Each structure stands twice: as C-alpha cells, then as structure tokens.
Amino acid sequence: MKITAQEEYGLRCLLQVAQLTMKDELASLEGIANAEHITPDYAAKLLSTLRQGDFIESVRGKSGGYKLKRAPENISLDDVIRHLSGELFESQSCQQFSGNDSNCIHISCCSIRSVWLSISQILFNILKQLTLKDLLNKEDVLTKYLRKELVISI
C-alpha cells in the first residue's frame, strides 16, 4: 500500500490544527503551510477537504483560523483516511479493468480480489481503533500500542 500525499499531508494538517486546538489557539493557514513545508494553496485545499468532512471548522476575522470541530478522541483515523482518499481497495474497481476488455475476465472467479478486500478490512479495522488523540501522544507510546494490538488481533 502506498500512502498518498493527500492522506499524509491531510493528516499532518489535521494534527497541526489539533495541537493548537488543545492549547485553545487557532491554527492559521500560513502557520500550517510553514510547519509542513507545503504551499499555502495546497494547505488551503487540504483544510477545505477536512472542513467538508466535519473534522475542522474555520473561524473568520482578523485573528481567525482553524480549530477542531470535535474532540480528538472522537476523530478516528479510519474516518479521516476514508474521507481524504476513499477505500484502499474498491470492490467496483474490477469493473474498471484496464486490459483489452471492458471488464476483468476473472470477475466471476477471482481469488485475488478477496485478498485485497481482506487486507483493506484489516487495515481499516486498525485505523478505526486509533484516534487523533492517539497521534498527539509520543510516537514511541503509539508504536508500543500498535505492536500490542497487532499481536492480539492476528
């Protein structure tokens, strides 16, 4: 699986907003863009997408900016990633076959599709258990948590 730039930077922008929201501060577009080393236009696009997903809200005015719309513990990574990019593997993708035919010739007897669907389900089940609050913790704490959860769930 390859993480897209939209997923990576969208989640990073959301974390920037979350960190400032926890301090009762608003995140500015320029501040987020500078912190993530992306253009203000790209940051604005990502923040707009996050706002449409009801993760953040914008506050207008001279001292305006962005803040979380919900508490970090109520924002699952599953919801964020799905909003930023959709499903990891769409079951409809077999009907958009890029070969010579309009549909995949294996559509009725495909054993590969079940593998992709299973991997997608496992990944999103893990992401459902993780929240934005978890990401605000130190990385080593989160890594230990994930290792423990993966061992138990496998």
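The values are calculated or read from the model by the stated rules, or taken from the named source; none is laboratory data. Remember, predicted model here, so these are calculated numbers, not experimental data. Glycine also receives a Cβ, built like all others from the backbone with ideal geometry; neighbour counts cover every protein chain displayed.
Points worth noting:
- Of the residues screened, L88 is one that is surrounded by 17 or more Cβ atoms within 10 Å (Cβ to Cβ), of a type outside the set (F, W, Y), assigned to a loop (DSSP other than H, G, I, E, B) and at pLDDT below 95.
- Segment 121-154 - residue that is assigned to a loop (DSSP other than H, G, I, E, B) and modelled with pLDDT under 70 and, of those, farthest from the chain's Cα centre (by Cα): I154
- Hits in segment 32-70 (condition: out of contact with any Pro (no Cβ under 8 Å at 6 or more places or on another chain), without any contact (Cβ under 8 Å) to a residue 24 or more places away in the chain, surrounded by 12 or more Cβ atoms within 10 Å (Cβ to Cβ) and in a helix (DSSP H, G or I)): N34, A35, P40, A44, K45, S48, R51
- Being modelled with pLDDT of 90 or more and more than 14 Å from the chain's Cα centre (by Cα) is a description that does not apply to V80.
- Members of segment 1-31 found to be part of a helix (DSSP H, G or I), farther than 23 Å from D78 by Cβ and of a type in the set (D, E, K, R), listed by number: E30
- In segment 104-120, residue modelled with the highest pLDDT [restricted to those that are in a helix (DSSP H, G or I) and surrounded by 13 or more Cβ atoms within 10 Å (Cβ to Cβ)]: I119
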